[in-house]
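Written out below as structure tokens is the structure these notes cover.
The values are calculated or read from the model by the stated rules, or taken from the named source; none is laboratory data. Just so it is clear, the model here is predicted, and its values are computed rather than measured. All Cβ positions, glycine included, derive from the backbone under ideal geometry; neighbour counts span all protein chains shown.
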Amino acid sequence: MKAALVRATLAAIALGASTSAPGGGATAQPNPVVVLGAGDIAPVLAQYRKLIGEPNNNNDPGPKTTGRREINWDGIADDKAAPAFLPSDVFKARGAILTTPGKGIQASAAPGNAAGVAANFGNLNPSYTKIFKPFSGGRLFSPIGSNIVDLTFVVPGTNTPATVRGFGAVYVDVDLPHTAFEYFDRRGKSLGRFSVPIANEGFSFLGVVFDKPVVARVRIEYGSAALGPDDGPNNDVSVMDDFIYGEPQAAGAWKPKRK
């Protein structure tokens, strides 16, 4: 089943297929490329990285003319992780500002940390140590007190508003079809809402690529409830791992290449 899903995903990439959840906003850019998969998602991430651009620019000052940025949470110090909240600009050097209508944003404690804080958000609910497993490294990411995060882009290392060609991320334990991304342009117009594949206690990936940098903000939904309750039919809780997105460009600065 996993292999079949990966093959179907790669076919969608080759065709430039797109998808939007029912009731989602109008898509301003026709036929964005949608990359999605569940289970063995490593090949899907490889395809998305290739589409969004090489190299990974990490913390290099921006903007760059090519490449992408990634966040995997594992470089966060133990005293900045759960139960502490992260500052919203913790990844401004990579062009990302993270906010939530909840209490704050948080990286999970690393396994075996000196303070003895349970990993995988087990400090909030002991059952999470079993159902949430990191895709890479030892930390995960989630809003606290809400199931919503808004990711806004800036030119890396600055406060200058920016746009990107696309954004994708790894989810952990998506059980029900609530979880989704909605992309917005710099004027706040929706570019479409896209649902994340389901993978109970497993990994899912969703990424969208537009033909030019038009995405100024992504609203990220996590399941149907904020972290805290047991996972189940009435409370689908999920968390995230790796973020991958195009190199942030100053809003309005991109010009198409001449043919």
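Given the residues 156, 126, which is the only one that is without any contact (Cβ under 8 Å) to a residue 24 or more places away in the chain and farther than 24 Å from residue 41 by Cβ?
One residue alone meets the criteria, 126.
Every residue in segment 194-214 that is among the charged types (D, E, K, R) and in contact with a Phe, Trp or Tyr (Cβ under 7 Å, 6 or more places away or on another chain), please.
212
Output the residues belonging to segment 173-226 that are within 19 Å of residue 162 (Cβ to Cβ) and aliphatic (A, V, I, L, M).
Of the residues in segment 173-226, the ones within 19 Å of residue 162 (Cβ to Cβ) are 181-191, 207-220.
Residues satisfying the conditions are 191, 208, 209, 214, 215, 216, 218, 220.
Of 105, 41, which residue is among the β-branched types (Val, Ile, Thr), closer than 14 Å to residue 139 by Cα and modelled with pLDDT of 95 or more?
Working: 41 fails: closer than 14 Å to residue 139 by Cα.
Step by step, each of 105, 41 is checked, and only 105 is among the β-branched types (Val, Ile, Thr), closer than 14 Å to residue 139 by Cα and modelled with pLDDT of 95 or more.
Check residue 51 against each of (1) buried (at least 21 other Cβ atoms within 10 Å of the Cβ); (2) at pLDDT 50 or above and name the one condition it does not meet.
(1)
Could you check segment 92-112 and list, in sequence order, the residues that are of a type in the set (Gly, Ala, Ser) and more than 21 Å from residue 227 (Cα to Cα)?
Within segment 92-112, 93, 95, 96, 112 qualify.
I'd like the residue in segment 167-185 that is part of a strand (DSSP E or B) and among the β-branched types (Val, Ile, Thr) and, out of all such residues, is farthest from residue 44 (Cα to Cα).
174
Just to be sure before I move on: is residue 162 at pLDDT 95 or above, touching a Phe, Trp or Tyr at 6+ places or on another chain (Cβ under 8 Å), surrounded by 18 or more Cβ atoms within 10 Å (Cβ to Cβ) and farther than 21 Å from residue 230 by Cα in the structure I sent? Break it down stepwise before answering.
Working: at pLDDT 95 or above: yes; touching a Phe, Trp or Tyr at 6+ places or on another chain (Cβ under 8 Å): yes; surrounded by 18 or more Cβ atoms within 10 Å (Cβ to Cβ): yes; farther than 21 Å from residue 230 by Cα: yes.
Here the answer is yes, as residue 162 does meet what is asked.
Within segment 186-201, does at least one residue satisfy the condition of being closer than 17 Å to residue 80 by Cβ, touching a residue at least 40 places away in the same chain (Cβ under 8 Å), in a loop (DSSP other than H, G, I, E, B) and among the β-branched types (Val, Ile, Thr)?
No, that holds for no residue.
So how many residues does segment 205-242 have that are under 11 Å from residue 172 (Cα atoms) and either more than 11 Å from the chain's Cα centre (by Cα) or without any contact (Cβ under 8 Å) to a residue 12 or more places away in the chain (or both)?
Of the residues in segment 205-242, 3 are under 11 Å from residue 172 (Cα atoms) and either more than 11 Å from the chain's Cα centre (by Cα) or without any contact (Cβ under 8 Å) to a residue 12 or more places away in the chain (or both).
So if I check each of 142, 88, which one is in a strand (DSSP E or B), crowded, with 16+ Cβ neighbours inside 10 Å and either out of contact with any Cys (no Cβ under 8 Å at 6 or more places or on another chain) or not aromatic (Phe, Trp, Tyr) (or both)?
142
Sort out which residues of segment 206-237 are among the aromatic types (Phe, Trp, Tyr) and under 14 Å from residue 33 (Cα atoms), and write them in order of number.
The answer is 210, and nothing else.
Taking the condition of being in contact (Cβ under 8 Å) with a residue 40 or more places away in the chain and in a loop (DSSP other than H, G, I, E, B), how many residues in segment 41-71 meet it? Give the steps one after another, and end with the answer.
Residues of segment 41-71 in contact (Cβ under 8 Å) with a residue 40 or more places away in the chain: 41, 44-45, 48-49, 51-53, 57, 59-71.
From what's left, in a loop (DSSP other than H, G, I, E, B): 41, 53, 57, 59-67.
Qualifying residue count for the region: 12.
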